[in-house]
């Protein structure tokens, strides 16, 4: 018996997905059937390990305070995953606004800003894309932040806690009629999620299922960049075998923004570029097939939403190396003054020379952070 068009979750034998599953020796239990998978004609279900690890209990044991219309979809869960993958790196207020597995904007506290201002910065990086987004925080949500969230259409919000008045605001449909179906989710143990090389991953693997049922299993991404001290000036040998190094070093403020942009880049679809200034993304260039295209896209977004002047003194993060100097020339024309990238191109010397010509500081990470989710 085929599935009924009116219900994508059921077949003649009952639920589409079993209550128990096992993958690579790990036993899973079904948490719930989802509203749908990637598309409404795809059924989906959410599972968690039967045996929790400290990290596995974050999303797997989340508390849904408000379900919204029809509960969660696969995309909601994936947005939660990637948004938490950004905010977990910060100790002060941080916010990621996620839309279809890419951040439309992210921000971290700057100069003692309240949480609500951090949220506004993240949302307004690309307010059009933020419509219908999932918003994540690394600190409990204050009532002022909740009221600001409810002023526009948001699919869901996830945080380690909420002020009682914030929970009331999320349900106050007399005041906030446009956002009746918001989903409100509480998670705990965000600090248990692995971040840096050497952190315990509790045996978690990244798994991709190919069209014929075969699997690709990989280790999760962990960064070696823990702080500004790990940002090394770009250096290499030129064609003549002479050592060449960037002449400009990032200022402390630039180093802070470079680190912020690098962490955001982990959850941007490759090829990815993040432009940031003063603890906020100015734009995110995502999913491009060439590096210079990602740079051009991010700059064009910034000019469209914040104006060309906002780029002056900004920083840029690239998840892969620059094969040629063309991207650096474009950065100079836009006014970007510091760049973070993995290094490793055969023409690193040419890229460094371009930075020195334009007075741009550049640091190498020695690691790539591609994300092909």
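Read the figures in this text as sums done on the coordinates, not as results from a lab. In this text the structure is predicted, and so the values were computed from the model without any measurement. Glycine gets a Cβ as well: all are built from the backbone with ideal geometry, and neighbour counts include every protein chain shown.
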note = Per the 1/(1 + (r/R0)^6) rule, R0 = 30 Å and r from the Cβ atoms of residue 237 and residue 333, FRET efficiency to 0.05 is 0.60
C-alpha long axis of helix 252-265 to longest principal axis of the chain, angle in ° = 40 degrees
request  = Counting only C-alpha contacts under 8 Å and six or more residues apart, can you give the relative contact order of the range 119-162 as a whole percent?
outcome  = 47 percent
request  = Kindly express, to the nearest 10 degrees and within the range 0 to 90, the angle between helix 348-358's C-alpha long axis and the longest C-alpha principal axis of the chain.
outcome  = 70 degrees
ask   = Which residues in the range 109-130 have a backbone N closer than 15 Å to a point placed 7 Å from the Cα of residue 152 along the Cα-to-Cβ line?
value = 116-130
Length added when fully stretched, residue 41-residue 303, from 0.36 nm per residue minus Cα-Cα = 90.5 nm
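Between rounded, prolate and oblate, where does the range 257-307 land on the alpha carbon gyration tensor, with a ≥ b ≥ c its root eigenvalues, rounded for a/c under 1.5, else prolate if a/b exceeds b/c?
Taking the square roots of the gyration eigenvalues as a ≥ b ≥ c, the range 257-307 is oblate.
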query = Fewest first, what order do 34, 282 take by the number of other Cβ atoms within 10 Å?
reply = 34, 282
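What order, most packed first, do the peptides 305-314, 107-116 have when packing is the mean number of other Cβ atoms within 10 Å of each residue? Intermediate values should be presented prior to the final figure.
On the way: 305-314: 16.5, 107-116: 18.6.
With the highest mean Cβ count within 10 Å placed first, the list reads 107-116, 305-314.
Give me 202, 119, 89 ranked fewest to most by other Cβ atoms within 10 Å of their Cβ, as a rough exposure proxy. Please report the intermediate quantities before stating the final value.
Values: 202 16, 119 27, 89 21.
By the 10 Å Cβ count, ascending, the order reads 202, 89, 119.
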task = State, to one decimal in nm, how far the label point of residue 197 lies from the label point of residue 64, with both points 7 Å from Cα in the Cβ direction.
result = 4.0 nm
inquiry  = Between 0 and 90 degrees, rounded to the nearest ten: what's the tilt of helix 115-124 against the longest Cα principal axis of the chain?
reply    = 80 degrees
task = Could you order peptides 340-353, 166-179 by the average number of other Cβ atoms within 10 Å of their residues, highest first?
result = 340-353, 166-179
request  = Quick one: compute the contact order of the range 228-364, relative version, from alpha carbon pairs under 8 angstrom and 6+ residues apart, as a percent.
outcome  = 28 percent
request  = Take every Cα-Cα distance within the range 15-192, group them into 10 Å bins from 0 onward, and report for each bin the whole-number percent of pairs it holds.
outcome  = 10, 38, 36, 14, 3, 0
message = Suppose each label sits 7 Å from its Cα in the direction of the beta carbon; what would the residue 53-residue 346 distance come out to in nanometres?
response = 3.9 nm
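Full extension from residue 208 to residue 17: what is 0.36 nm times the residue separation minus their Cα-Cα distance, to one decimal in nm?
Values: separation 191, 0.36 × 191 = 68.76 nm, distance 1.83 nm.
Residue separation times 0.36 nm, minus the Cα-Cα distance, leaves 66.9 nm.
How much length is gained if the chain between residue 163 and residue 290 is pulled fully straight, taking 0.36 nm per residue apart and subtracting their Cα-Cα distance, in nm to one decimal?
Details: separation 127, 0.36 × 127 = 45.72 nm, distance 4.43 nm.
The span from residue 163 to residue 290 would gain 41.3 nm if fully extended.
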inquiry  = Quick check: convex hull of the Cα atoms in the chain, volume per residue, rounded to a whole Å³?
reply    = 152 Å³
request  = Binning at 5 Å from 0, report for the range 112-256 what percent of all alpha-carbon pair distances ends up in each bin.
outcome  = 2, 7, 12, 12, 12, 12, 13, 12, 9, 5, 2, 1, 1, 0, 0
message = At a 10 angstrom cut-off on C-beta neighbours, averaged per residue, how do the peptides 208-221, 320-333, 251-264 rank from highest to lowest?
response = 251-264, 320-333, 208-221
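Note the direction-averaged projected area, equal to a quarter of the hull surface, for the Cα convex hull of the range 228-364, in nm². Please list the in-between numbers first.
Working: hull surface 28.8 nm².
For the range 228-364, averaging the hull's shadow over all directions gives 7.2 nm².
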query = Hey, what did the chain get for relative contact order, percent, Cα under 8 Å, at least 6 apart?
reply = 13 percent
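Counting each DSSP H run of 4 or more residues in the chain as -39500 (n - 2.57), what helix-only mean residue ellipticity at 222 nm follows after dividing by all residues, to the nearest 500 deg cm²/dmol? Could the numbers behind the result be given before it?
Working: 8 runs with 87 residues, N = 373.
Here the helix-only value at 222 nm equals -7000 deg cm²/dmol.
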